[in-house]
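The values are calculated or read from the model by the stated rules, or taken from the named source; none is laboratory data. Note that the coordinates shown come from a computational prediction; the quantities given were computed from them, not determined experimentally. For neighbour counting, all protein chains shown are included, and Cβ atoms are generated from backbone atoms with ideal geometry for every residue, glycine included. SASA here: full protein model, heavy atoms, side chains in, ligands and nucleic acids out. Shrake-Rupley method; radii C 1.70, N 1.55, O 1.52, S 1.80 Å.
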Amino acid sequence: FGSGSSREHAPWALEDYGIRTIIAPSFADIFRNNCYQNGMLPVVLPQEAVDHIMEQAKNVPGYQITVDLERGLVTDTQEFTVSFEIDAFRKHCLLNGLDDIGLTLQDADDIRAYEQNRRQQAPWLFGA
């Protein structure tokens, strides 16, 4: 999924429809990374699991699945469960709503301290 959709516009378009998670047997690397950067979860499942979910969605009225990021599980209302893997860093970012800016701002106090120290060590860099 997402091969040929390397621009951020592809995840943005899906997000505009309210899609927060995409399930597929594989993803293009750039697309997958753009999903993470935009707070979307790309879940890689075996082809058989994807086929099962699609078949149930077509044939079972009101069929629903749940994606549990914390536990790494996809479950449905028909007792189907399959696990998925996600990098611990990506999981942390998604669970905490962190993008690159949010990650940086977690170190705001250290950044401020560095800037103040640097201002004292090299005041000419700051127009003093």
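So how strong a dipole does the chain carry about its Cα centre when Lys and Arg Cβ are +1 and Asp and Glu Cβ are -1, to the nearest 20 debye? It comes to approximately 400 debye.
Beta bridges per DSSP, both residues in the chain: antiparallel share near 65 percent. Quickly work out the T104-to-L69 label distance, labels modelled 7 Å from Cα along the C-beta direction, and quote it in nm with one decimal. Output for this residue pair reads 2.1 nm.
Quick one: Cα convex hull volume of the chain, Å³ per residue?
Enclosed volume per residue, from the Cα hull, is 146 Å³.
About the Cα centre of the range 84-127, what is the dipole size in debye to 20, counting +1 per Lys and Arg Cβ and -1 per Asp and Glu Cβ, all else neutral?
With Lys and Arg at +1 and Asp and Glu at -1, about 200 debye.
At 222 nm, what value in deg cm²/dmol follows for the chain if DSSP H runs of at least 4 each add -39500 (n - 2.57) and the sum is divided by all its residues, to the nearest 500? Intermediate values should be presented prior to the final figure.
Numbers: 6 runs with 59 residues, N = 128.
Mean residue ellipticity, 222 nm, calculated: -13500 deg cm²/dmol.
Using the 1.4 Å probe convention, the accessible area of the chain works out to 69 Å² per residue with neighbouring protein chains retained. Neighbours of D68, meaning other residues whose beta-carbon lies under 14 angstrom from its beta-carbon, give a summed charge of 0 when Lys and Arg score +1 and Asp and Glu score -1.
May I ask for the longest run of the chain untouched by GluC sites (Glu not before Pro) that are loop-located per DSSP and have at most 13 neighbouring C-beta atoms (other than their own) within 10 Å? No qualifying site falls inside 1-69, the longest such stretch. Across the options G102, P25, V43, the greatest Cα extent toward the positive end of the charge dipole of the chain (unit charges at beta carbon of Lys, Arg, Asp, Glu) belongs to G102. Atom-type composition of the exposed protein surface of the chain places 50 percent of the accessible area on carbon and sulfur (1.4 angstrom probe).
Amide hydrogen proximity for T21: with H placed 1.01 Å from N in the peptide plane, the residues at 5 or more positions away or on another chain lying under 5 Å are L41.
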